[in-house]
Amino acid sequence: MIQLRHVTLNLGSPGDTSSVRFQLPKFEVEAGEAVALTGPSGCGKSTLVNLIAGLRRADEGEVTVAGVDLTSLSAAQLDRHRGAHCGMVFQSFHLLAPFTALENVAIGLRLGARKKSVFRERAREVLCRVGLEHRLHARPGQLSVGEKQRVAIARAIAGEASILLADEPTGSLDPRTGRDIFSLLRKVAAEDGRALVLVTHDLDLASEMPRSFDCSELMRGGLDSERKEDAAL
């Protein structure tokens, strides 16, 4: 489902000796597999998620997601591919304040549905699935942080994407609510056979995932990397 090989991404201006290089020899996730990305802040966890989603382009290497080589796609094609295959959940909920929970989920479906009743019914269905059947018409300002994250999860799964990308989805939640959200993501992904890639600083949560990937070596200083390459030569 996800395959990255020999990926390099240079972060910074050309010739800047303080720039950072993201390097990843190999990373694979099978269909339906759940993987935790761990490591300290700034080590490349979010960068890896953004590469999978097509929000960043690799400078070198192969990024294949759902059978498609992302390096060959235009910006518009990347947007369409992401919308079709990747449901995304972030630490910040990115909900539209003027709209209800139902409308926030339905808005993301409008491009793919022909009738208003179709995407509103789908939005209602997924909100009920994540336990918000009593909050359909509440606006973000009326929701708790845990409820906001449930809306964000409903929005991510509404389009039936085969991949869920969750970047610190429990980071702004208290421990109990965070565990509830973690359990919900695991449950939804397992029931639907979706691949789940979850970024977390919480090693206890990561230990409950079938597989974890330590990202602590992905980011390297440009000058240090060049010295290592010279030494190898």
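The values are calculated or read from the model by the stated rules, or taken from the named source; none is laboratory data. Keep in mind that this is a model prediction, so the values were computed, not measured. Cβ placement follows ideal geometry from the backbone for every residue including glycine, while neighbour counts extend to all protein chains displayed. For accessibility, only protein heavy atoms count, side chains too; no ligands or nucleic acids. Shrake-Rupley method; radii C 1.70, N 1.55, O 1.52, S 1.80 Å.
How many lysine pairs does the chain hold where the Cα atoms are under 30 Å apart and the two sit 8 or more places apart or on different chains?
11
Dipole of the chain (Lys/Arg Cβ +1, Asp/Glu Cβ -1, origin at the Cα centre): which of Leu96, Gly146, Ile2 lies farthest to the positive side?
Leu96
In a shell of Cβ-Cβ distance under 11 Å around Val49, excluding Val49 itself, what net charge do Lys and Arg (+1) and Asp and Glu (-1) give? Kindly include the intermediate steps, with their values, before the conclusion.
On the way: positive: Lys45, Arg56; negative: Asp167, Glu168.
Value of the local net charge: 0.
Residues of the chain: accessible area per residue at 1.4 Å, in Å²?
50 Å²
Quick one, can you get me the convex hull of the C-alpha atoms of the chain expressed as volume per residue in Å³? Intermediate results must be reported in sequence, preceding the final value.
Details: hull volume 32.4 nm³, N = 233.
With only Cα atoms used, the chain gives 139 Å³ per residue.
Using a 1.4 angstrom probe on heavy atoms only, work out the carbon and sulfur share of the accessible area of the chain in %.
Numbers: 5760 of 11720 Å².
For the chain, the apolar C and S fraction of the accessible surface comes to 49 percent.
Karplus couplings for the stretch 90-105 from phi (6.51 cos²θ - 1.76 cosθ + 1.60, θ = phi - 60°), rounded to Hz, Gly and Pro as x?
Those phi angles translate into 10, 5, 8, 7, 6, 8, 8, 4, x, 10, 6, 4, 4, 5, 4, 6 Hz.
With 13 Å as the cut-off, how large is the P(r) tail for the stretch 145-220, expressed as percent of Cα-Cα pairs?
Counting pairs separated by more than 13 Å, the tail of P(r) holds 67 percent.
If I take every Cα pair under 8 Å that is 6 or more residues apart in the stretch 1-84, average their sequence separation and divide by the length, what percent do I get for the relative contact order? Working shown, then result.
On the way: 115 pairs, mean separation 29.6, N = 84.
RCO, the stretch 1-84: 35 percent.
Expressed in nm to one decimal, what extension gain is obtained for the pair Arg179 and Ser19 from 0.36 nm per residue of sequence separation less their Cα-Cα distance? Show your work: numbers first, answer last.
Details: separation 160, 0.36 × 160 = 57.60 nm, distance 3.64 nm.
So the chain would gain 54.0 nm between Arg179 and Ser19.
Between rounded, prolate and oblate, where does the stretch 1-74 land on the alpha carbon gyration tensor, with a ≥ b ≥ c its root eigenvalues, rounded for a/c under 1.5, else prolate if a/b exceeds b/c? It would help to have the intermediate numbers written out before the result.
Details: a/c = 2.34, a/b = 1.38, b/c = 1.70.
It comes out oblate by the Cα gyration axes.
Pull up the DSSP beta bridges for the chain and report the antiparallel fraction as a percent, rounded to 5.
Details: 19 of 37 bridges.
Rounded to the nearest five, the antiparallel share is 50 percent.
Is the shape of the stretch 81-202 best called rounded, prolate or oblate, per the rule: a/c under 1.5 gives rounded, else a/b larger than b/c gives prolate, else oblate, with a ≥ b ≥ c the square roots of the Cα gyration tensor eigenvalues?
Numbers: a/c = 1.75, a/b = 1.19, b/c = 1.47.
Note, shape of the stretch 81-202 comes out oblate.
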